[in-house]
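The block underneath contains the structure these notes are about, expressed in structure tokens.
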Amino acid sequence: MKVAIVHNHEHKSSEVTRHLLLLLKKNNIEIDDHRPDLVISVGGDGTLLSAFHRFSHRLDDVSFLGVHTGHLGFYTDWRDYELEELVQSLLVHQEKSISYPLLDVKISFHGNKPEKHFLALNESTIKRANRTMVADVLIKDELFEKFRGDGLSVSTPTGSTAYNKSIGGAVLHPSINAFQLAEIASLNNRVFRTLGSPIVIAHTEWLEIKLQESNDYLITVDQLDIYQDDIKSIYYRIADERIHFASYRHMHFWHRVKDAFISED
């Protein structure tokens, strides 16, 4: 097994990474930052998102595992004080993994500018800088609604507990092969009407957001901010690729939800 480690720059994460590297080398586990079989993130969910985008070109060949050094995360199964147990589990060479859906994002432009393509683990959002966003929302190439408001968020099941939840979206179990559209402060009155609630879109369907022509749109894909002129539309669907998490130990999803949002311990 070849392992790569991605960590944030917090002092605790750096110390945990140094200890983990010593344990891996002591047990003759090879470190390979370019073509690993397993990527271990040390930090929080943001660190694992960074690790995902760093190795998104090798999703068929790599799995991910998270060690959290702060609060419990949705992508981190191990605590920083469990490194010896973690390394011993790697030596067993379990080949099990669990995979979750990703979001395929394609941005098209007016004129002859080439399309841009991205994968998202959590979500993608569309907003305007200082004005109301106006867009046509199409599902499977048919107009569903004309949106007016602050913006739109499109999330994966694993991303449903992140920004999506904060704007009133539903929490989806990550085994559901679908994605979700949630409105951000939509305008609803006698003149302008939207559905006004989140919708879950099947993996067999696709979503297109056709934008009113303007040069002040901000598109996000996970932590990536995309400022581009002449954006025509954004196309979303469930990606062919999936992310794989090494399941040496994988916490029950609803336990994570309870620990993150309900438990007071």
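Below, the figures for the structure above:
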{"quantity": "Residues of region 212-249 satisfying the condition of being out of contact with any strand residue (DSSP E or B) (no Cβ under 6 Å at 6 or more places or on another chain) and assigned to a loop (DSSP other than H, G, I, E, B)", "calculated": "213, 214, 215, 223, 228, 229, 248, 249"}
{"quantity": "Region 52-61, subset among the hydrophobic types (A, V, I, L, M, F, W, C) and in contact with a strand residue (DSSP E or B) (Cβ under 6 Å, 6 or more places away or on another chain), residue farthest from residue 98 (Cα to Cα)", "calculated": "55"}
{"quantity": "Residue within region 92-101 that is in the same structural domain as residue 47 (by TED's automatic domain parsing), within 30 Å of residue 1 (Cα to Cα), exposed (fewer than 14 other Cβ atoms within 10 Å of the Cβ) and hydrophobic (A, V, I, L, M, F, W, C) present", "calculated": "yes"}
{"quantity": "Residue in region 180-192 that is touching a Lys or Arg at 6+ places or on another chain (Cβ under 6 Å) and modelled with pLDDT under 95 present", "calculated": "yes"}
{"quantity": "Residues located in region 3-36, provided they are in contact with a His (Cβ under 9 Å, 6 or more places away or on another chain) and part of a strand (DSSP E or B)", "calculated": "4"}
{"quantity": "Residue in region 69-77 that is acidic (Asp, Glu) and either surrounded by fewer than 15 Cβ atoms within 10 Å (Cβ to Cβ) or modelled with pLDDT of 95 or more (or both) present", "calculated": "no"}
{"quantity": "Of residues in region 212-242 being within 13 Å of residue 121 (Cβ to Cβ) and not aliphatic (A, V, I, L, M), the one nearest to the chain's Cα centre (by Cα)", "calculated": "222"}
{"quantity": "Strands (runs of 3 or more DSSP E) lying entirely in region 119-211 (those with 1 or more residues that are farther than 28 Å from residue 99 by Cα, without any contact (Cβ under 8 Å) to a residue 12 or more places away in the chain and charged (D, E, K, R))", "calculated": "142-155"}
{"quantity": "Extreme residue, farthest from the chain's Cα centre (by Cα), among residues of region 97-118 that are over 28 Å from residue 204 (Cβ atoms) and touching a residue at least 40 places away in the same chain (Cβ under 8 Å)", "calculated": "111"}
{"quantity": "Residue satisfying condition, being of a type outside the set (A, V, I, L, M), surrounded by 13 or more Cβ atoms within 10 Å (Cβ to Cβ) and within 19 Å of the chain's Cα centre (by Cα), within set 177, 188", "calculated": "177"}
{"quantity": "Residues being part of a loop (DSSP other than H, G, I, E, B), in contact with a Leu (Cβ under 8 Å, 6 or more places away or on another chain) and acidic (Asp, Glu) - total across region 37-88", "calculated": "1"}
{"quantity": "Single match in 201, 231, 226 (criterion: surrounded by 14 or more Cβ atoms within 10 Å (Cβ to Cβ), within 15 Å of residue 157 (Cβ to Cβ) and in the same structural domain as residue 168 (by TED's automatic domain parsing))", "calculated": "201"}
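Quick grid of which residues meet (1) within 24 Å of residue 162 (Cβ to Cβ); (2) touching a residue at least 24 places away in the same chain (Cβ under 8 Å):
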position	(1), (2)
3	no, yes
9	yes, no
13	yes, yes
17	no, yes
24	no, yes
44	yes, yes
48	yes, yes
56	yes, yes
68	yes, yes
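The values are calculated or read from the model by the stated rules, or taken from the named source; none is laboratory data. None of these values were measured; they are calculated from a predicted model. Every residue, glycine among them, receives a Cβ derived from its backbone with ideal geometry; neighbour counts consider all protein chains shown.
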